[in-house]
Every structure is written in structure tokens, then in C-alpha cells.
1. Calculate the length of the line joining the C-alpha centroid of region 275-330 to that of region 56-115, in whole Å.
2. What are the residues whose amide H is under 5 Å from the amide H of SER262, where those residues sit 5 or more places off or on another chain and H is modelled from the backbone?
3. Considering region 82-132, what Rg and Dmax in Å follow from its alpha-carbon atoms?
4. Hand me the GluC sites (Glu not before Pro) from region 70-123 located in a DSSP loop with no more than 13 other Cβ atoms within 10 Å, in residue order please.
5. For region 277-322, with every protein chain kept in place, what is the accessible area per residue (1.4 Å probe, Å²)?
6. Keeping all protein chains in position, work out how much accessible area TYR374 exposes to a 1.4 Å probe, and write it in Å² to the nearest 10.
7. Arrange the residues HIS28, HIS373, HIS359, HIS247 by how much accessible surface each exposes, largest first, with a 1.4 angstrom probe.
8. Can you list the residues, at least 5 places off or on another chain, whose amide H is less than 5 Å from the amide H of SER241, using H built in the peptide plane?
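The values are calculated or read from the model by the stated rules, or taken from the named source; none is laboratory data. Please read these numbers as outputs of a predicted model, since none were measured by experiment. Cβ placement follows ideal geometry from the backbone for every residue including glycine, while neighbour counts extend to all protein chains displayed. The accessibility values were calculated without ligands, DNA or RNA, using every heavy atom of the protein model including side chains. Shrake-Rupley method; radii C 1.70, N 1.55, O 1.52, S 1.80 Å.
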Amino acid sequence: MKCQEYINTTVGESSIHGFPYLVKRELHGLEKIFWIVTIIAAAYCSINICLSQWKRFRDNPIIYATELTWGKPKFPFVGTTLYMNYTDEAAFEDVIEDTWGVKSENRELYQYYFDFLKIINSLTVTRFATLKPYENNDNLKNLDFIQILLQLKRKALPNGNLKEVKKKPNENSQDSKAESRESDFRVAITELGICQTTSQTARYTSPYEGAENMPLPNKLECSAMEECDTKIFNRLGENASMSIYMHNNFDIITPGDRDTMSRQAALNGALGIELMLSITTAEEEVRNLPIAFRKCRYTNENNLKYFQSYSPGLCRTECRINAALEKCGCKPFFYASGPKKNICDIKGMLCLDNAKWPHSAYCNCLPLCEETHYTILQTLVVTDDSVRFESTTIVKLLLPRTAFKRRVVFSADQLIVSFGGAIGLFLGASFISVYGLLFTFSKFVFSNFLILFKKCSNNNTYNNKVIKVREY
């Protein structure tokens, strides 16, 4: 097929508005120029509309609508993580003697290690600089910080840890009520140090080996027909201050995050915390949108290496682990998940402090498409200096009457229809006409390639005959 024949076939037989007039010989040149300008203007308008529809699909395919929650039977109770700040001198003495063989009689050296353990006892990811005086001490290398913290915090460890719970590996109470009950805690190593948590991600933060077989804490749920609260006690009394962190019960705690709230428990009195629950759901059509466009993930859309499901907190944790490995080649002991080797020593943690970690770890972690969010409505502290009673915190959850729902207002099929409408309106093109253009183009390319191939084959055959004649 020659070029002129291809142009006449493509343009002359096309159903696109104006194309057949371009190859009519009887038309004046000015008329052809008019049709060229008209086709260009129509193509510009259709392309402009298609781009605007694509931008709308990419940036705003979802709206938030409200719906009633009367049909929802259960609501998730807030997750709590407790951090106990205290000094157990007996535990300090045992650790110093077991680790360095120094007894309290050697006052100067004992005090040196005692001060070091006090720093470790209250160490967080934002306080690595406090380790600077101990940077060059060879006796502080290759320490197992998690085991040291477990010994220092032994009084605050809950009974429901891996070694003491007698439940079956996969047993987990699904019907526990939150009304007037104490929360079920597990030991967790977090960015705050050794804590207690009710989170359903407790297996990812357990400092014990074999955490995959650890029974999860009882999952507290509330119904609309009952009071939804729980009590938290400070078992160590006035010798320990207790920080309470409240977060999504199906996520890992990340202090300082917008979804994590904290309050300080009263040392001698009662602390009442009133929370409001808000819920965001999603219709099934949301799952069909690309993740980059809907800007959220489902828990089973996991892109993490160290965890089996997705959540924003787990994503941030993995991001911070990877950032620490990239910057200083080691992982802080605060993370039970991730690589088991290359745990940071004192120099490694000081390296992270110089690198402004974790603030320098830029994590692009999308929220969940179906999520719960808690807001503190009020905090009430009741104390009485004339009466001594146990420190108690009561967390009360107010259930919502309405919920937000992600709804798709511009889906992929609507995008295709809008493309077809814009192109059809201005150019009169359809799927069949576009298919015809592609078919004619492929026919043109294939036929010319076949002709070129035959010419090359004939030339090679001719050259071989000439060479044989000359040899003869």
C-alpha cells in the first residue's frame, strides 16, 4: 500500500467529521483549509475535555456521605497502651550485678551503671542524645536492651504475657463487653520502651520469642444498648506515673501521631476520659478504583514486608525501620518486627540522633478506606487530699448515630463514557472508527514491511548467483 493510497483510504473513508472533505479534489483549497482548522479546533476541545475528566477521576473520584448507624450491631472500643515510668532499685541492682558483676558496695562504679540504666529505663526514640556520655565505653557494647528493660520493668508487666497465658494459640474472645471491665493487656515494646497494650497488633510488638503463637488481648466491642467504658488501675501506686495512650485497637501505637491521644493518669484520684467515636465506611465500588486515585487502602491490600496486613501505624513503623537501616545501618531495639540482626548499639542510636531520625523519615502511608477515629470530648480529674484511694482511670466511649461513607461519584466506566461522549460530540468518532484507523494503519505497515522483506530476499538471492558465476 502506497502512502497516497493509505491517506486516501484513511481520510476519505473515515467517519470522523471533516476528514472526507480533505481528499475531495473538487473542493477549493480555502475550503480544505477551513476543514483543517475546524478539525484541529474540534480535536483541541475534545482533548481538553478528556484531560479535565481524567483530572477529575484522578483527584476527586470519591465524596463523603453520611448514613445512620442504627443497623450496626457492634462498635470497636478504643485501644489503650500504658507506659509506666518508675525506678525499681532492686531490679536495678540485680541487672547491674548480672550484667557487669558490680555490687552496691563499689559505690562509684555502681552509681555509674545505675545512672546508665536510668537513662535506658526512660529511653524513647526522641531521647537518644542522652546516651552521649556512654558512647565510648566498651563494657556497654552488645547489650540486649529489651531483656534489660524487661527486668527493670518487671513489676509493671501484665499477667497476660506470652509465658503465663494458658489459652490456645488462636483463641481470642470476640464477644467480650467493655462495660465496667478491666482491659486485657499484653507486654509490648514500642517507641516509648516497655509498655502494656490492648491492641490487636500485639504480636507485632511482643518482646518475647514465638510471638506468632501469642493469644491476642480480648477484643472489646460495644453495642448501642449498653454503657461502653473500661477501668484502668495503676497497680504500682504513687511510686509510678502512668501515661495512657489511646488509639485504634487494630493498629500499632505511634506516639506523636494525629490518631494517638495521650493523658497522664492521676496519682491519687480518678481520671475520667470521655471519647467520641467516628466511623468511616466505604461502598464496594471504592475497591475497584486504583489505590493512587482513591488515596486509601484496605487491610488486605498489603504492601509491607514485615507485617501480614496493612494499617497506617504498621506502615509508619516499617518506614521508620527502613529509614534507620538506610541512614545508620541498624534498627533500634524499639521494634520487635523487621530484621533480627543489626540492632543498634549506643553509637548506632547516636548516629540516628545526628540524622534527625525519625523526623527525617518521610513516610507516605495512606489511611484505611474503612477506619475508626476517636476524639477526646472531655477529661475530668477527681482528687481528694483527705482520702487516699487507688489511682483509677475510666475511659468512656460515646457511640455515634451517624457515620461517614466513601462513595464513588466518578468511576472508571464513567470515565470511559465521558471520553467517548467528548470525542463523539466534537469529532463524531466512535470505537468502530478508531478501530478502523488502527486497522488501516496496521495494514499499511504490514504490507510495506512485507514488500521490503521480499526486496531484501531477492537482492540476497541475486548477489549469491553473481558470486557463484564469478567463482565459476
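1. The distance from the Cα centre of region 275-330 to that of region 56-115 comes to 21 Å.
2. MET246
3. According to the Cα coordinates of region 82-132, Rg and Dmax are 11.8, 35 Å.
4. GLU105
5. 43
6. Only protein atoms counted, so the area is about 10 Å².
7. In descending accessible area the options line up as HIS359, HIS28, HIS373, HIS247.
8. ASN85
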